[in-house]
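Nothing in this text is a laboratory measurement; each read-out follows from the coordinates by a stated rule. All values reported here derive from a predicted model rather than from experimental measurement. Please note: Cβ atoms are built from the backbone with ideal geometry, for glycine as well, and neighbour counts cover all protein chains shown.
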There are 2 protein chains.
Amino acid sequence: MMYESFKLFARVLSNRTRFDIVMLLMEREMSVLELCDALGYEQSRVSHNLRCLLNCGFVEVERRGKRRIYRLNGEIKELISKIKNHIQLYESWLRECGILREEGIAKVMVE
Amino acid sequence: MMYESFKLFARVLSNRTRFDIVMLLMEREMSVLELCDALGYEQSRVSHNLRCLLNCGFVEVERRGKRRIYRLNGEIKELISKIKNHIQLYESWLRECGILREEGIAKVMVE
DNA sequence: ACATCATATGACGCATTTATCATATATAGT
DNA sequence: ACTATATATGATAAATGCGTCATATGATGT
């Protein structure tokens, strides 16, 4: 299909909370509280999105005492670091064209 | 930012209509009617989504008689063909893990 | 057994996305 | 000017996404 797999990948990462979580987990594994503190997001917000990341195979968990340590899946990590470069080029092109502005794009789809 | 640019790219392509249109335009330029016929989608559906693709810099238009011929932007075309390979690897991994099934994924986010 | 800390889950409301129907515009041919 | 063809646009409704509040679970220490 190709569409289904791209959609999964794209939808997971085109949410600010999940994107931020994944970027942090690119560096090192973290507990929920650590993520909350680092990002300044509410705990349930982080947990809900971690569940989504887990369902989609983006992360793995390990219980450690009272905590749950989340780590990025290896394949995903590799995939993201590859795509990252392309997106950076894309970003500079977007700016040249004036499509991407400082405030970002509020609504992507509305015409 | 990086998030904003990824989000734009991801949201544009994680819609079946737009994805299908873009895939066709990877091969050759086409008019609206040609796209409608090839995809079996309603005309206004295609037009709405072409407008979105245009706003986001994915496509360019040229008037030719009564028709409007749409073509994929060069940078985008290159970007997509690069990312395509990564996504194909990702797809086979998704299948191995059992995350991606035949029916696809209905709701990505719901937990 | 109880209190506390860490995390998960359910429900709800609001915002966004998207297809569809109806209608408008614009070009070409007669 | 009129008609037909090609395309664009506006409004609306249904579905989905997402954060928040409240509450539940589960482990640790006393």
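Brief remarks follow.
- 10 Å Cβ shell holding at most 12 others, DSSP loop, trypsin sites (Lys or Arg not before Pro): longest site-free stretch of chain B: B:29-65
- Residue of A:Cys52, A:Cys36, A:Cys97 that the Gaussian network model of chain A assigns the largest fluctuation, springs spanning Cα pairs under 10 Å: A:Cys97
- Magnitude of the charge dipole for chain B, about its Cα centre and with charges confined to Cβ atoms of Lys, Arg (+1) and Asp, Glu (-1), is about 420 debye.
- Low-density loop positions, GluC sites (Glu not before Pro), the stretch A:22-98 - DSSP coil, at most 12 other Cβ in 10 Å: A:Glu42
- Relative to the current alpha-carbon distance between A:Glu62 and A:Asn85, full extension at 0.36 nm per residue lengthens the span by 5.3 nm.
- Within the protein assembly as shown, helix-based [θ] at 222 nm, where runs of 4 or more DSSP H residues each add -39,500 (n - 2.57), nearest 500: -19500 deg cm²/dmol
- From phi via Karplus (6.51, -1.76, 1.60), per-residue ³J(HN,Hα) for the stretch B:30-41 in Hz, x at Gly/Pro: 8, 7, 4, 4, 4, 4, 4, 4, 5, 9, x, 9
- Distances between equivalent label points of A:Met23 across the copies, with each point positioned 7 Å along Cα→Cβ, amount to 3.1 nm, shortest listed first.
- Label 7 Å beyond Cα on the Cβ vector: A:Ala38 copy-to-copy distances, nm: 4.3
- Position B:Arg64, label points 7 Å along Cα→Cβ, spacing to each other copy in nm (shortest first, one decimal): 6.0
- Relative contact order, whole percent, for chain B stands at 21, derived from Cα pairs under 8 Å and 6 or more residues apart.
- Cα-based helix-to-principal-axis angle, B:3-13 vs chain B, degrees rounded to 10: 70 degrees
- Rg/Rh for the protein assembly as shown (Cα atoms only, Rh after Kirkwood) is 1.00.
- Å³ per residue enclosed by the Cα convex hull of chain A: 139 Å³
- Between 0 and 90°, nearest 10: helix A:16-27 axis offset from chain A longest Cα axis: 70 degrees
- Principal-axis tilt of helix B:74-97 within chain B, Cα atoms, nearest 10 degrees: 30 degrees
- Of all chain A residues, the one whose C-beta is nearest the axis that brings A onto B, in angstrom: A:Ala10, 2
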